[in-house]
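The values are calculated or read from the model by the stated rules, or taken from the named source; none is laboratory data. Since the structure is predicted, the reported quantities are computational estimates derived from the model, not experimental observations. Note that each Cβ is placed from the backbone with ideal geometry, even for glycine, and that neighbours are counted across all protein chains shown.
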Amino acid sequence: MPELDLNGVRLLPGHLDAKAQAALVGTVRRICAAAPLMQHVTPRGQPLSVRMTAAGQVGWISDRQGYRYAARHPGGTDWPPIPDLLLRLWADLLPEARAPECCLVNFYGEGARMGLHQDRDEADLSQPVLSVSLGDDGLFRVGGTARGGKTRSVWLKSGDVAILQGAGRLAYHGVDRIRFGSSPLLAQGGRLNLTLRVVT
């Protein structure tokens with residue numbers, strides 16, 4: 001399928017075939033075994049509906065102290081390394097970018113969503129963010145660089161890749177809902193979103 005542009009965010013539909021998707025699910029299982037998925041809370045104490053973990057030099061966490069990157073999993077263990085499959089994908093699609101330092105793993109169960117937000121906890125906002133969708137379809141919504149503007153939405157399917165770069169790097173984006181059970185990739189259903197980013 002042809003590449004799409006959604007308010008500056010590049011979408012690569014069906015970029016990963018079924019074999020690559022299955023291989024990535026295997027790598028995510030190993031990440032979660034080393035650094036279990038957690039349900040973080042906002043600084044106000046509200047639980048997020050998405051469960052999270054990470055791989056790389058640092059991982060993103062959220063608690064009463066705020067949103068930030070941390071050198072270790074909240075359970076006290078080191079984050080596992082970013083899988084080679086994802087490092088190769090980054091190098092293929094973003095050869096001019098610095099190597100990613102974090103892979104955030106988000107798991108959307110039934111009813112989970114992610115409100116509109118910007119990815120701006122990183123030090124160098126000139127570096128891109130690469131996002132991989134696995135499993136159930138997710139309704140992805142993208143706005144501009146300011147709140148309250150017009151948004152556009154598209155259903156992301158398993159194997160789709162999105163790149164936030166250039167004009168789209170600070171676009172507000174989120175996932176309004178998932179079609180639970182729409183993909184056979186995850187045996188119990190749900191959606192995985194893997195986002196690679198340069199942090200420092």
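Overview of values
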{"item": "Scan of segment 42-73 for residues that are in contact with a Lys or Arg (Cβ under 7 Å, 6 or more places away or on another chain) and either over 12 Å from LEU104 (Cβ atoms) or among the small types (Gly, Ala, Ser) (or both), ordered by number", "result": "PRO43, GLY45, SER49"}
{"item": "Count of segment 71-87 residues which are surrounded by 14 or more Cβ atoms within 10 Å (Cβ to Cβ), of a type in the set (A, V, I, L, M) and either outside any loop (DSSP other than H, G, I, E, B) or over 17 Å from the mean Cα position of the chain (by Cα) (or both)", "result": "3"}
{"item": "Restricting segment 17-53 to residues that are assigned to a helix (DSSP H, G or I) and free of Cβ contacts under 8 Å to residues at least 40 places away in the same chain, the residue that is nearest to GLY75 (Cα to Cα)", "result": "ALA33"}
{"item": "Unique residue being under 13 Å from the mean Cα position of the chain (by Cα), among the β-branched types (Val, Ile, Thr) and under 21 Å from PRO2 (Cα atoms) when the list is VAL154, VAL161, VAL175, VAL142", "result": "VAL161"}
{"item": "Among the residues listed as ALA112, ALA171, ALA99, ALA162, the single one being of a type in the set (A, V, I, L, M, F, W, C) and exposed (fewer than 15 other Cβ atoms within 10 Å of the Cβ)", "result": "ALA99"}
{"item": "Any chance ARG169 is over 26 Å from ASP17 (Cβ atoms), of a type outside the set (Asp, Glu) and under 14 Å from the mean Cα position of the chain (by Cα)", "result": "yes"}
{"item": "Residues that are modelled with pLDDT of 95 or more and part of a loop (DSSP other than H, G, I, E, B), drawn from segment 54-65", "result": "GLN57, VAL58"}
{"item": "Residue within segment 135-151 that is surrounded by fewer than 14 Cβ atoms within 10 Å (Cβ to Cβ) and in contact with an Asp or Glu (Cβ under 7 Å, 6 or more places away or on another chain) present", "result": "no"}
{"item": "Any strands (runs of 3 or more DSSP E) falling wholly within segment 113-195 and containing at least 2 residues that are touching a residue at least 60 places away in the same chain (Cβ under 8 Å) and of a type in the set (Gly, Ala, Ser)", "result": "129-135"}
{"item": "Matching option when the condition is under 15 Å from GLY135 (Cβ atoms), surrounded by 14 or more Cβ atoms within 10 Å (Cβ to Cβ) and over 16 Å from the mean Cα position of the chain (by Cα), among ALA20, ALA34", "result": "ALA20"}
